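Below: the structure, in structure tokens.
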Amino acid sequence: MHLAAIRENTVPGIQGSDIGNILLNAGLLTDEDLKRIVALQGKEEILFGEAAVALGILREEDVRWALSRQYSYPSVNTEEEPISKELIALHEPSDPRVESLRSIRSGLMFSGAGNIVKSIAVVSPEEGEGKTFVAANLAVVFAQLGMRTLLVDLNFRGPRLHGLFRIKNNTGASSLIIKRAIFEQAVRTTSIESLTVLPSGPKPPNPSELLSWQDTRELLGTLKERNDLVIIDTPAFSRTADAMMIASLSDGVLLTALKGKTRLSAFGQTKRQLEASSVRMLGSVVNEIRGMKK
Ligand SMILES: Nc1ncnc2c1ncn2[C@@H]1O[C@H](COP(=O)(O)OP(=O)(O)OP(=O)(O)O)[C@@H](O)[C@H]1O
Ligand SMILES: [Mg+2]
């Protein structure tokens with residue numbers, strides 16, 4: 001894709017591409033941000049970090065943090081690692097997208113989701129349609145009501161929640177399923193009260209198989225018992241059997257589409273497949289970069 005080419009060609013040397021990757025993986029940069037930084041860097045012949053700060057995309061401490069990661073030295077900054085700015089529910093509470101998420105939250109609560117439906121899988125047909133973005137920010141707005149909310153990454157194909165919350169992915173859901181960790185190790189607290197995160201954990205050799213195990217069903221049952229609400233991030237529905245399996249292990253599904261990207265045919269097909277199963281459809285979210293609605 002374009003992005004890989006940009007990283008290799010225009011970010012000078014290993015250093016530039018590493019810092020870009022570190023920041024992308026941490027969720028501090030979007031692909032679009034990266035393109036803008038690289039463009040300015042090329043034009044002005046300045047360092048990657050300088051360009052990012054000049055554009056107002058990153059703060060100096062974000063750059064210092066990424067550099068410390070890159071060279072594996074402890075960051076000189078004593079502040080906590082910055083939580084991703086993708087968590088708009090935290091950083092931009094009055095943004096219209098967050099208002100929309102709050103109304104989605106109310107809709108789910110009025111439909112009894114707060115009580116009866118305790119686990120929600122966020123699903124969309126393809127990659128890059130905002131499942132992680134919606135799941136994470138929705139979890140934040142639920143937690144802000146004081147509900148004990150657990151955000152779970154079951155996207156073993158491309159896990160990203162650990163990056164958003166700056167936590168290690170050395171133990172997580174996969175470790176719990178295969179009983180290689182205890183809850184206290186795998187489930188992480190966050191700086192947001194009432195919100196905990198279970199990252200994916202190490203990638204299993206065969207994610208679909210792992211998801212089909214009784215141990216996975218049991219794990220989700222235990223997670224529901226321990227929380228008021230469990231929100232689950234999933235991989236693209238149309239690519240593998242994973243998302244359908246996760247959906248069938250959840251109490252309800254929120255079907256997400258990204259305006260201008262998700263094809264109507266793919267959306268329709270996903271919806272039909274879900275409806276044909278015993279899965280409970282809670283609603284759909286039209287995710288827009290500038291707003292979203294239920
Ligand atoms: N409403 C939005 N406003 C701004 N940025 C958004 C919005 N929705 C998604 N994005 C951005 O789009 C990119 C892709 O979103 P995300 O990672 O959530 O997609 P995904 O469906 O989880 O993809 P995958 O299937 O690969 O896991 C991310 O950089 C995310 O921050
Ligand atoms: Mg995702």
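For the reader, a short list of remarks on this structure follows.
- Residues that are out of contact with any helix residue (DSSP H, G or I) (no Cβ under 6 Å at 6 or more places or on another chain) and within 14 Å of ligand 2 (Cβ to nearest atom) were ranked within the range 243-261; the one that is nearest to Met147 (Cα to Cα) is Leu254.
- Residue check for Leu164: in the same structural domain as Val230 (by TED's automatic domain parsing), crowded, with 21+ Cβ neighbours inside 10 Å, in contact (Cβ under 8 Å) with a residue 24 or more places away in the chain and within 12 Å of ligand 2 (Cβ to nearest atom): yes
- If you go through the range 237-258 and keep only what is within 12 Å of Ser124 (Cβ to Cβ) and out of contact with any Phe, Trp or Tyr (no Cβ under 6 Å at 6 or more places or on another chain), you end up with Phe237, Ser238, Arg239, Ala247, Val253, Leu254, Leu255, Thr256, Leu258.
- Where strands (runs of 3 or more DSSP E) sit wholly within the range 250-294, those with at least 2 residues that are modelled with pLDDT under 95 and within 16 Å of ligand 1 (Cβ to nearest atom) occupy 281-288, 291-293.
- Residue list for the range 82-111, filter: in a helix (DSSP H, G or I), in contact (Cβ under 8 Å) with a residue 40 or more places away in the chain and among the aliphatic types (A, V, I, L, M): Ile88, Ala89, Leu90, Val98, Leu101, Ile104, Leu108
- Flag for Asn287 being in the same structural domain as Val140 (by TED's automatic domain parsing) and within 16 Å of ligand 2 (Cβ to nearest atom): yes
- Candidates Ser248, Ser265 - the one that is of a type in the set (Ser, Thr, Tyr), within 23 Å of Val117 (Cα to Cα), out of contact with any Gly (no Cβ under 8 Å at 6 or more places or on another chain) and surrounded by fewer than 17 Cβ atoms within 10 Å (Cβ to Cβ): Ser248
- Selection within the range 124-142: residues that are more than 12 Å from ligand 2 (Cβ to nearest atom) and either at pLDDT below 95 or among the β-branched types (Val, Ile, Thr) (or both). The member of this set that is surrounded by the most Cβ atoms within 10 Å (Cβ to Cβ) is Val140.
- Filtered residue count, the range 228-248, keeping only those that are within 19 Å of the chain's Cα centre (by Cα) and either among the charged types (D, E, K, R) or away from ligand 1 (no atom under 14 Å from the Cβ) (or both): 8
- Filter pass, Leu264 being at negative phi and without any contact (Cβ under 8 Å) to a residue 24 or more places away in the chain: yes
- Conditions (1) crowded, with 20+ Cβ neighbours inside 10 Å; (2) in contact (Cβ under 8 Å) with a residue 60 or more places away in the chain; (3) more than 17 Å from Leu150 (Cβ to Cβ): number failed by Thr240: (1)
- Residue that is nearest to Leu211 (Cα to Cα), among those in the range 268-288 that are surrounded by 15 or more Cβ atoms within 10 Å (Cβ to Cβ) and of a type in the set (D, E, K, R): Arg280
The values are calculated or read from the model by the stated rules, or taken from the named source; none is laboratory data. In this text, all values refer to a predicted model and were calculated from it rather than measured experimentally. Neighbour counts run over all protein chains shown; Cβ positions are idealised from the backbone, glycine included.
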